[in-house]
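Read-outs throughout are calculated quantities, based only on the coordinates presented, and are distinct from any laboratory measurement. No experiment lies behind these values; they were computed from the predicted model shown. All Cβ positions, even for glycine, are placed from backbone atoms using ideal geometry, and neighbour counts span all protein chains on display.
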Ligand code: SF4
């Protein structure tokens, strides 16, 4: 394998692209190089078997083919200099994927000791052991959906794909026994309620699994466009973000939160403590592996779901306006 895909922002940090950035990536975002479509068929994904989207597209990110050896060489330098703190490798399901993944991880490890995250579908225990031995410190198995039913429709048989909720949950549980850190990605805005999303984040947290939130992004050529045609409601996103932050930091228990229908109506904190959480701004920053900031992975400059750096005072005021209705409800 002589090539690897890397996000444009990553290539810019590596000095292989020219790009003006207000928030450079702190993780190198890489994708295994293949010209094949993924054998899976996730409804929202550009690389899916039945998608007509571009292979280089992951959410809003453009992953350009680049020389693997040059990327790895420069990655070592960027890590030593403190520009990049993690390498994140995205995979796809195709014959040869395992060999390509092992090769890329091996080449990175031969060059430097940068922490490595691998995002992949569930693998067997032997492969988990091999990955851990090679130096993967964080395994990520994207659930993407927040309920078994939604999973069936967007990643499973309902979407013409091979995955099941049960095998993904099993893969995550087995990974917890092998890797120091295990995570998943969940897409907000696929038709779920606050309650479904927050309950899943809380359940995963209890299992030692870190859930990173993504905003659904409509991509040309994907079949999800026919099913979900809008960006997530920012108020829904903020409620889920705040609740997830409180659960992840053990500031509130799920039982302390209140829901009406599917809507979150009380975070389980008093007014003063909630205000302190909002003012801190951390709750609105990108979630995921350590040092992952995914700048503009799902955002535009006028609609930021996940902040790649801590939001400033003006941004926090804007966030408060976005959730004003919900705050009135609980104060
Ligand atoms: S959280 Fe960030 S670093 Fe971790 S797998 Fe997801 S995109 Fe990669």
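Descriptive notes on the structure:
Yes or no, residue by residue, for (1) surrounded by 22 or more Cβ atoms within 10 Å (Cβ to Cβ); (2) outside any strand (DSSP E or B):
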{"residue": "178", "(1), (2)": "no, yes"}
{"residue": "182", "(1), (2)": "yes, no"}
{"residue": "185", "(1), (2)": "no, no"}
{"residue": "201", "(1), (2)": "yes, yes"}
{"residue": "213", "(1), (2)": "yes, no"}
{"residue": "229", "(1), (2)": "no, yes"}
{"residue": "235", "(1), (2)": "no, yes"}
{"residue": "240", "(1), (2)": "yes, yes"}
{"residue": "246", "(1), (2)": "yes, yes"}
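- Number of positions in the range 290-307 that are assigned to a loop (DSSP other than H, G, I, E, B), within 16 Å of the ligand (Cβ to nearest atom) and free of Cβ contacts under 8 Å to residues at least 40 places away in the same chain: 0
- The set of residues in the range 91-114 being in contact with a strand residue (DSSP E or B) (Cβ under 8 Å, 6 or more places away or on another chain) and farther than 19 Å from residue 142 by Cβ consists of 108, 109, 114.
- Residue in the range 83-94 that is in a loop (DSSP other than H, G, I, E, B), away from the ligand (no atom under 14 Å from the Cβ) and without any contact (Cβ under 8 Å) to a residue 40 or more places away in the chain present: no
- If you go through the range 263-289 and keep only what is assigned to a loop (DSSP other than H, G, I, E, B) and surrounded by 15 or more Cβ atoms within 10 Å (Cβ to Cβ), you end up with 267, 268, 269, 281, 286, 287, 288, 289.
- Strands (runs of 3 or more DSSP E) (entirely within the range 1-78) containing at least 3 residues that are buried (at least 24 other Cβ atoms within 10 Å of the Cβ) and within 21 Å of the chain's Cα centre (by Cα): 3-7, 27-32
- Selection from the range 101-123 of residues that are more than 16 Å from the ligand (Cβ to nearest atom) and under 22 Å from the mean Cα position of the chain (by Cα): 102
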